[in-house]
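So the structure is just underneath, and the comments pick up after that.
The values are calculated or read from the model by the stated rules, or taken from the named source; none is laboratory data. These figures come from a predicted structure and were not determined experimentally. Methodologically, a virtual Cβ is constructed for each residue, glycine included, from the backbone with ideal geometry; neighbour enumeration extends over all protein chains shown.
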Amino acid sequence: MADDEVIRVVVADDHPVVREGLRSFLSSRPGIDVVGEAGSADEAVEVVAALRPDVVLVDLMMPGGGIEAIGRIRDLGDGDGPVPRLLVLTSFVGDDQVLPALRAGASGYLLKDVDPSDLEAAVRTVHRGGSVLGPAVAPRVLDRATSARPAVDDRLAELTPREHDVLGLLGQGMSNRQIADALYVAEKTVKTHMSSILTKLRVHDRTQAALYAARHGVTAPES
C-alpha cells in the first residue's frame, strides 16, 4: 500500500455500540478510515454499493444474515469498481457459520474477543489480498476441510504441474513469498500462478483455494 493510500472500511453490525467502538478504534489507526456503517444485510449491501469501500467487517448475526450479506456483496461485481474484501468479525465459531462464510466469499474470520492490534493487522492483510483465520477458527476449518475429501475434481486436471505445486504449498499455509522461496522462482511468478489457479478452480480468493487444496488432498511438492 502506498504511503498516502487509505483503507476505506465499512462496519456491518446490528449493535450501535459495537459499530461505534470499531469506528473509533479503526479510524484512529494510520491509513484506515471507517467511511460507513450498516445494521442489517440489506443496509450493508446498499452502503457497500454506494461507497465501494476496500474492506467490510461483517457480523454474522445481524438481521438478514451476515453470510447472506457476504454473498450479495460478492455478487455486486466489478461494474462500478472492485468488490471489497470481506472480514467476518463475530461472536460465534460454529461449523454452520465458519465454512459457509468462507465459501460465500469472506477472506477472514475473527472472533470479537480479538486483540485490537490483531484486528488492525487483519484489516491490512485482507486489504492486501491475504487471508486471516483467528486461532479459534483455523483448527476447526482444517478439521472440517480434511475430514471428508471428495473424489478427484476435474478442475484439478486443468492445473499445470507448477500450478499444482503452488496450490499444494498454499494448502500448507505458505505466503506468496514463502512459495516463491520454496520453488526458487520470483514472487511475481507465484502471483501469476495464483491468479490462474483461482480462475481454473473457480474460487474467489486464497482462503477458498487453500480449503480446496485440503479437501482434495493436494500435497506440496517434495523438496
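A few points about this structure:
- The residues of the range 1-49 that are in contact with a Gly (Cβ under 6 Å, 6 or more places away or on another chain) and without any contact (Cβ under 8 Å) to a residue 40 or more places away in the chain, listed by number, are Val6, Ser40, Ala41, Asp42, Val47.
- Of all the listed residues (Arg72, Arg103), the sole one being surrounded by fewer than 17 Cβ atoms within 10 Å (Cβ to Cβ), in contact with a helix residue (DSSP H, G or I) (Cβ under 8 Å, 6 or more places away or on another chain) and either at pLDDT below 95 or in the same structural domain as Ala209 (by TED's automatic domain parsing) (or both) is Arg103.
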